[in-house]
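What follows is a single structure, written as structure tokens, with notes after it.
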Amino acid sequence: MATQHHQHHKGEKWSAEVTEHSDAMDLEDGVFEQDDPHAIALSLKRSAERSKRRKSEPYQSAMSMLTFYINRAGKNLSEKHRQVLEDAKDELRKVFGRED
């Protein structure tokens, strides 16, 4: 039985593949490349709230996509950009009113 895999185009980053073909939600272009944690959080919030493809509530979908990206990028992320993305988690909690 044949399995279907997305073909990676030469030079295409896995992150582009994930954001183009993920069933989780439709993301704004370049959301994870931004240097502003608050801007990343707002973009993810907008995407989660308008997505028809997400399987859970918007906050959980947005946080899951951000965590997934951080985990998949792994060693490919600079320490500086990893910190921006980690800070975006805190910003996401704030923009969704989930602060403790």
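Throughout, read-outs are computed from the coordinates displayed, never taken from laboratory work. The structure displayed is predicted, hence computed values, not measured ones.
Normalised by the number of residues in the range 28-95, the average gap of Cα pairs under 8 Å and 6 or more apart makes the relative contact order 46 percent.
The mean of 1/r over all pairs of different alpha-carbon atoms in the range 28-95, once inverted, gives a Kirkwood hydrodynamic radius of 11.9 Å.
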